[in-house]
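To start, the structure itself, in structure tokens.
The values are calculated or read from the model by the stated rules, or taken from the named source; none is laboratory data. All values reported here derive from a predicted model rather than from experimental measurement. Glycine also receives a Cβ, built like all others from the backbone with ideal geometry; neighbour counts cover every protein chain displayed. Just the protein is used for accessible areas: all its heavy atoms, side chains included, with ligands, DNA and RNA removed. Shrake-Rupley method; radii C 1.70, N 1.55, O 1.52, S 1.80 Å.
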Amino acid sequence: KNITYFGRGPRDLTLQDVQAKTGSKLISNTQDDGYKSEIDVYGWVEDSKFYWWSEADFVYFHPDTTKAFCEYSNLVTVDLNGTSTEKVKSFAHWFDTDKALVEIKGKIVTDGLEERYNQTYDYTQINNNNSSDTSLTFMFNDCNSLESVDLSGFNTENATDMKRMFAGCKKLGEIDVSSFNTSKVISMYWMYRNCQTVTSIDLSNFDTSNVVNMYGMFLDANNVQTVILGENFDTSKVVRMDSMFYGMSRLTTIYVVNDFNRDSVSSSTDMFNKTTNIVGGMGTEYQTTYNNSYKDATYAQISNEYQSGYFTKSR
């Protein structure tokens, strides 16, 4: 639990050098729970750093790897160079609550996440802290020292859950999700909660036609000034919009193509509470009293030459 670094050991070591190291041991071999990794991988701890070593140029993570790094409370750097994550089925909790983690080197790559569960959930009574453990849920949850991560290699075409994916990433200044396919995602609960450094969130490519839970999606992301929602940002199946933009005190503009469809919404309590710079509808400020019931909430649907529909700061 006191490991500060995870990564490949020096490439100039020989197999004999590795085997001679104190504590050196085989951590993966040609047969692991029926999965043929086809290569020997050794690992050892030295000066609070965990090193792995193999004669192969690339080593694959086991497909069923779960909670890969979240057990190491002092982990500062993860170096994924020399490894491949393409075969991994789920990234749930991989870096969950790694509060010391500053840097993830190398690109996290998927070749298409597999759905692992097909349960049906009653999202009107959802336990928001314990829904399906699939795909990207809790992946970077509360990594509040993390400054950068490269997500451009993600193929999320089968991802079903992005709950709390970036929640608590207080120092992550840019979150590029332009490569994400969200067409099968069901939950975006607390997805960007407490992201305090990022100033703009661009979800223009997001397809949310299957999302049922947007509870607190941007809760307390209090440095975000602009949120961009594209033509496929569809809320027709959403049951929970509670606190969706709560506490976004610097938010001045939400660009939307479509209105927030509320046909399935059971609650939108405090949806814009403490979002002090937002004005919408017919120029009427959002007030907390209007957000306790979705039936009384006012939503903007404004057209101009640049964007058909947006919320904007009062002049």
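Taking the solvent-accessible surface of protein heavy atoms with a 1.4 Å probe, what is the per residue accessible area of the range 188-252 in Å²? Write out the running numbers ahead of the final one.
Working: 1910 Å² over 65 residues.
I get 29 Å² per residue for this part.
Scanning residues 5 or more positions from T65 or on other chains, those with amide H under 5 Å from its amide H are K89, with H placed 1.01 Å from N in the peptide plane.
Each part gets one Cα centre, and for the range 235-271 versus the range 198-226 those centres are 9 Å apart. Apolar share of the accessible surface for the range 158-274: 37 percent from carbon plus sulfur atoms, 1.4 Å probe.
With a 10 Å radius around each residue's Cβ, average the other Cβ atoms per peptide and rank 5-18, 140-153, 53-66, highest first. Present the calculation step by step, with values, prior to reporting the outcome.
Numbers: 5-18: 14.0, 140-153: 19.2, 53-66: 15.5.
Descending mean neighbour count gives 140-153, 53-66, 5-18.
Calculate the translational D of the range 179-278 in whole µm² s⁻¹ from Stokes-Einstein, where the hydrodynamic radius comes from the Kirkwood formula applied to all Cα pairs, the temperature is 20 °C and the viscosity 1.002 mPa s. Diffusion coefficient, whole number: 162 µm²/s. Per-residue packing, averaged as other Cβ atoms within 10 Å, sorts the ranges 259-269, 191-201 into the order 191-201, 259-269, beginning with the highest.
Computed from backbone phi with θ = phi - 60° and the Karplus coefficients 6.51, -1.76 and 1.60, the 3J(HN,Hα) list for the range 200-208 is 9, 10, 9, 10, 5, 9, 6, 9, 10 Hz; x is used for glycine and proline.
The value given for the range 174-215 is a Kirkwood hydrodynamic radius of 11.3 Å, derived from the mean inverse Cα-Cα separation.
Distance cut-off 18 Å, Cα to Cα: go down the list K49/K170; K67/K99; K49/K87; K105/K163; K25/K49; K89/K170 and report the pairs above it. Violating the 18 Å Cα-Cα cut-off are K49/K170; K49/K87; K105/K163; K89/K170.
With 0.36 nm allotted per residue and the present C-alpha distance subtracted, the V45-N258 stretch has 71.3 nm of extension available.
Residues whose amide H lies under 5 Å from that of I186, counting only those 5 or more places away or on a different chain, are D161, M162; hydrogens are built 1.01 Å from N in the peptide plane.
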